[in-house]
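The values are calculated or read from the model by the stated rules, or taken from the named source; none is laboratory data. Because the structure is predicted, anything quoted here is derived from the model rather than measured. Note that each Cβ is placed from the backbone with ideal geometry, even for glycine, and that neighbours are counted across all protein chains shown. Side chains are part of the model used for accessible areas, which takes the heavy atoms of the whole protein and leaves out ligands, DNA and RNA. Shrake-Rupley method; radii C 1.70, N 1.55, O 1.52, S 1.80 Å.
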Amino acid sequence: MRLYINVDHVATVRQARRAAEPDPVAAAALCERGGADGITVHLREDRRHIQDDDVRRLAASITTVLNLELATAGDILRFAARLRPHQATFVPERRQEITTEGGLDPGSPRSAAYKRLAVGIGRLNDAGVRVSLFIAPDRATIDQARVLGAAAVELHTGEYAHAYPRSAKALARLQRAAAHARGIGLAVHAGHGLTYLNVTPVAAIPEVEELNIGHSIVSRSITVGMETAVREMRSIVDRARATPGVDTGSR
Ligand code: PXP
């Protein structure tokens with residue numbers, strides 16, 4: 001199980017003052033020392049947290065891998081194709097949202113949004129970037145991801161996280177989606193809203209090979225430091241994986 005840490009919110013604190021600190025690149029190095037397998041950042045169209053230069057500096061300095069989240073805006077797509085991160089995850093983006101609120105809905109193959117997405121995926125595939133799509137745990141959308149040429153899907157765990165611990169139904173949906181995605185040859189990632197309390201059942205889904213976690217870890221890092229915050233999450237995730245039938249706490 002790979003654990004990727006999303007350091008967007010380190011940049012959120014910096015941008016609150018338009019200052020030089022805290023630096024997401026320094027935070028990423030501490031994440032790696034704490035056991036992260038990769039660093040995730042979302043270069044939003046409004047540049048509200050991560051800036052282009054942060055992504056360039058991360059690409060040049062991290063010792064693990066970079067997972068760049070992006071929408072289909074032309075300038076960001078060009079930036080990604082030039083930078084060639086290890087992985088690009090397409091996410092939906094709405095200006096007014098506080099964070100990425102829903103999964104990507106490719107829509108009808110005749111729609112402009114679908115065509116933009118198909119072009120974006122093709123372009124990054126051609127550049128040798130592994131492409132993942134952040135989508136709801138929904139069978140039809142998973143099938144679309146495969147048709148579109150993605151290598152992986154990141155299943156949106158928001159519904160599960162919000163319902164936790166009364167999350168048995170949402171967990172079952174994630175489990176079914178993960179099995180289906182793997183069954184049709186897609187790699188399975190998961191993320192959004194995962195915390196130290198609710199991560200275990202998701203980490204225990206055997207098909208899930210990568211977790212992307214941000215807010216909970218960055219929040220905890222304020223009190224215990226980034227390296228320790230990551231180390232703690234790492235150990236929960238590893239335990240979930242190593243213990244078949246681990247008590248998931250979901251009801
Ligand atoms: N995965 C994706 C695709 C996301 O957009 C986000 C949030 O930016 C995350 C994972 C991490 O979510 P959280 O910050 O709630 O852990």
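Here are the numbers:
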{"item": "Hits in the range 200-226 (condition: farther than 25 Å from residue 149 by Cα, away from the ligand (no atom under 15 Å from the Cβ) and open to solvent by less than 10 Å² (accessible area, probe 1.4 Å))", "result": "201"}
{"item": "Subset of the range 24-53 that is acidic (Asp, Glu) and modelled with pLDDT of 95 or more - its residue that is most open to solvent (accessible area, probe 1.4 Å)", "result": "53"}
{"item": "Elements of type helices (runs of 4 or more DSSP H) in the range 99-199, at least 3 residues being under 21 Å from residue 66 (Cα atoms), more than 15 Å from the ligand (Cβ to nearest atom) and over 18 Å from the mean Cα position of the chain (by Cα)", "result": "112-126"}
{"item": "Filter result for residue 56 (out of contact with any Asp or Glu (no Cβ under 8 Å at 6 or more places or on another chain) and either within 14 Å of the ligand (Cβ to nearest atom) or modelled with pLDDT of 95 or more (or both))", "result": "yes"}
{"item": "Near pairs, Cβ below 6 angstrom, 6+ apart or cross-chain, from the range 195-222 (within 20 Å of residue 31 (Cβ to Cβ) and without any contact (Cβ under 8 Å) to a residue 12 or more places away in the chain) to any residue that is more than 13 Å from the ligand (Cβ to nearest atom) and open to solvent by 10 Å² or more (accessible area, probe 1.4 Å)", "result": "none"}
{"item": "Some residue of the range 47-60 being closer than 24 Å to residue 141 by Cα and more than 15 Å from the chain's Cα centre (by Cα)", "result": "no"}
{"item": "Test: residue 19 is surrounded by fewer than 18 Cβ atoms within 10 Å (Cβ to Cβ), among the aliphatic types (A, V, I, L, M) and more than 11 Å from the ligand (Cβ to nearest atom)", "result": "yes"}
{"item": "Some residue of the range 83-97 being more than 28 Å from residue 170 (Cβ to Cβ) and away from the ligand (no atom under 16 Å from the Cβ)", "result": "yes"}
{"item": "The lone exception for residue 229 - which of (1) under 21 Å from residue 104 (Cβ atoms); (2) surrounded by 23 or more Cβ atoms within 10 Å (Cβ to Cβ) it fails", "result": "(1)"}
{"item": "Single residue of 79, 90 found to be surrounded by fewer than 20 Cβ atoms within 10 Å (Cβ to Cβ) and among the aromatic types (Phe, Trp, Tyr)", "result": "79"}
